[in-house]
């Protein structure tokens, strides 16, 4: 099981095995390089832990545990978790500031406890097979257990991906393989009873709340919020620089990564090496903004340039690491970026994920505001013109015609709809399902992805304003199940690089939820409080730039400079028929249009990448799944 994920931890391997449990760990040495080998045990070796991630406040937690009599044999954060669990059981999770997936085996009670961090930064998959529980950071480890383990595409999850871009809940693309949800723990006891429980959720509130630091004030100004956010971010960055190896930073040219990099430069003495993606296609390239930040902060900067061919060449390997269909090529440049980081012998980078979702940065939030504004006066000729301010960076924007935009964005929809902000996006993505085969549709048994998530989130969204509802859904779905997975953990760890996310420090998240929604995006000024918090720390060109989300060329990557050779295999009639997931004739027509170089719209770009990636998943994980297990693993410790 450990061999297929050696890329996550190439520095060594640790094993523990007794009569009813086995634990394995692939080590990426970051904290306590000499002594932090896992699995780690308690004093009498009755409890054992394997852990993927970091606990950033472990130095603050350790002294109290020592006062309570716990004896440490390492300087690692992992051992702190284990002793804290001895004291508090599952309540120990409340004390942890970190990103983690963990499993703790209690040999006395014959039970295993596992948990995942609050925001879902680190992955945790599990399944039951022949009376045993198997769990791992990646699904390929679980499939390596037994050649007879069922490996089948889950049609309902495929339908969800072709609606939301990602699975809507805790199921994976493979039948029977589930993920432990963010902010959850679970325990399986000696009798095989499985219990799962939520310990934390993103705390958007139904009414404006005051941050504890502002108690006694009748009202918090924007300046109050900005000042408190800056102080929290400084501490979140400081904690995430804790490492026994150098820590770098991604620098995209947007305000999020620029803010993190600036805080490192201005409030720590950490040497600053930064890494960026550039594109040969000017439509996607942001090197001028990256250069502005590099010149401003004088960082030691390095870039990887992505051509169409580089993206298409790396795409099959990217899908092997995502282990799920993807509808955009955007993960691929991030895979190439982490490869660049690895070549510079860096194992850790800070990144800016989470700011858009929590501080009001996405166009989907701006879009919802404009739609709600139009709804208040539907007869206004002026208000619909505001839609033209959306998506100016898109060549085929739906806002070019005001009348078409009103229909596209459904400006007559009731603002009270729990999914008010998201329905236009889902409606657009859902059009890709026209390519799904009749067999897949039948196997879905009438299951509707939107109805499924309605049942999952309806109660939690009650009482929130439409802006907070949109933020909550983006954080729980897009962020957790796509950005932190297919674009985050998987692309970094594929090259043995750990990403750290200051904006996802749970204290920052909890504070962001107290900011009134009219401050998060003031009129149409996205991330208003973040911009104010960075006053004097960023150049004006970065603060005032128009929002341009990170994107990469899709169809053009496969039919641009040259046609990717593997297209003929993955999209062949034979493999399409064998997989049975898509309408063969419809796919053939789409490929023919792509070969002609005709510009394609949203649906075609998403559909093509989605179909291709699904076929790669089918080929690599179902038709030709194979793990090359080495005869001997190097740097092995058996406990």
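The values are calculated or read from the model by the stated rules, or taken from the named source; none is laboratory data. Keep in mind that this is a model prediction, so the values were computed, not measured. Glycine gets a Cβ as well: all are built from the backbone with ideal geometry, and neighbour counts include every protein chain shown.
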Could you please find all residues in the range 60-81 being part of a loop (DSSP other than H, G, I, E, B) and either more than 16 Å from residue 40 (Cα to Cα) or outside the structural domain of residue 117 (by TED's automatic domain parsing) (or both)? 68, 69
Please list, ordered by residue number, the helices (runs of 4 or more DSSP H) wholly in the range 261-372 having 2 or more residues that are within 19 Å of the chain's Cα centre (by Cα) and within 24 Å of residue 540 (Cβ to Cβ). 355-359
Checking residue 592 against (1) touching a residue at least 24 places away in the same chain (Cβ under 8 Å); (2) part of a helix (DSSP H, G or I), only one condition comes out false. Which one? (1)
For the range 261-285, give me each residue that is surrounded by fewer than 15 Cβ atoms within 10 Å (Cβ to Cβ) and closer than 26 Å to residue 330 by Cβ. 282, 283
Search result, residues across the range 446-467 that are in contact with a helix residue (DSSP H, G or I) (Cβ under 6 Å, 6 or more places away or on another chain) and under 21 Å from residue 503 (Cβ atoms): 467
Suppose we filter the range 521-569 for residues that are part of a helix (DSSP H, G or I) and within 29 Å of residue 295 (Cα to Cα); how many remain? 10
Six or more apart or on different chains, Cβ atoms under 7 Å: show the pairs whose first residue is in the range 527-543 and at pLDDT 95 or above and whose second is not in a helix (DSSP H, G or I). 527/360; 527/361; 528/521; 528/522; 529/515
Residue 611 - would you say it is in a helix (DSSP H, G or I), closer than 19 Å to residue 330 by Cβ and under 27 Å from the mean Cα position of the chain (by Cα)? yes
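Each row is one residue, and each column tells you yes or no for (1) assigned by TED's automatic domain parsing to the domain that holds residue 156; (2) crowded, with 21+ Cβ neighbours inside 10 Å; (3) touching a helix residue (DSSP H, G or I) at 6+ places or on another chain (Cβ under 6 Å); (4) under 23 Å from residue 557 (Cβ atoms).
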{"residue": "581", "(1), (2), (3), (4)": "no, yes, yes, yes"}
{"residue": "588", "(1), (2), (3), (4)": "no, no, no, yes"}
{"residue": "606", "(1), (2), (3), (4)": "no, yes, yes, yes"}
{"residue": "638", "(1), (2), (3), (4)": "no, no, no, no"}
Collect the residues in the range 129-151 that are part of a loop (DSSP other than H, G, I, E, B) and either out of contact with any strand residue (DSSP E or B) (no Cβ under 7 Å at 6 or more places or on another chain) or buried (at least 17 other Cβ atoms within 10 Å of the Cβ) (or both), keeping them in residue-number order. 130, 131, 137, 138, 144, 147, 148, 149, 150, 151
Confirm whether residue 176 is within 28 Å of residue 319 (Cβ to Cβ), assigned by TED's automatic domain parsing to the domain that holds residue 94 and out of contact with any helix residue (DSSP H, G or I) (no Cβ under 7 Å at 6 or more places or on another chain). yes
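Results for (1) more than 30 Å from residue 312 (Cβ to Cβ); (2) at pLDDT below 95; (3) in contact with a strand residue (DSSP E or B) (Cβ under 7 Å, 6 or more places away or on another chain), shown as yes or no for each residue.
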site: 333; (1), (2), (3): no, no, yes
site: 342; (1), (2), (3): no, no, no
site: 359; (1), (2), (3): yes, no, no
site: 385; (1), (2), (3): yes, yes, no
Unmet criterion (only one of (1) under 22 Å from the mean Cα position of the chain (by Cα); (2) free of Cβ contacts under 8 Å to residues at least 60 places away in the same chain) for residue 616: (2)
In the range 171-202, anything over 26 Å from residue 110 (Cα atoms) and surrounded by fewer than 17 Cβ atoms within 10 Å (Cβ to Cβ) is listed as 175, 201
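Conditions tested, residue by residue: (1) modelled with pLDDT of 70 or more; (2) assigned by TED's automatic domain parsing to the domain that holds residue 28; (3) within 29 Å of residue 534 (Cα to Cα).
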site: 349; (1), (2), (3): yes, no, yes
site: 354; (1), (2), (3): yes, no, yes
site: 376; (1), (2), (3): yes, no, no
site: 392; (1), (2), (3): no, no, yes
site: 396; (1), (2), (3): no, no, no
site: 410; (1), (2), (3): yes, no, no
Criterion (surrounded by 20 or more Cβ atoms within 10 Å (Cβ to Cβ), in contact with a helix residue (DSSP H, G or I) (Cβ under 7 Å, 6 or more places away or on another chain), in the same structural domain as residue 542 (by TED's automatic domain parsing) and modelled with pLDDT under 95) met by exactly one of 253, 248: 253
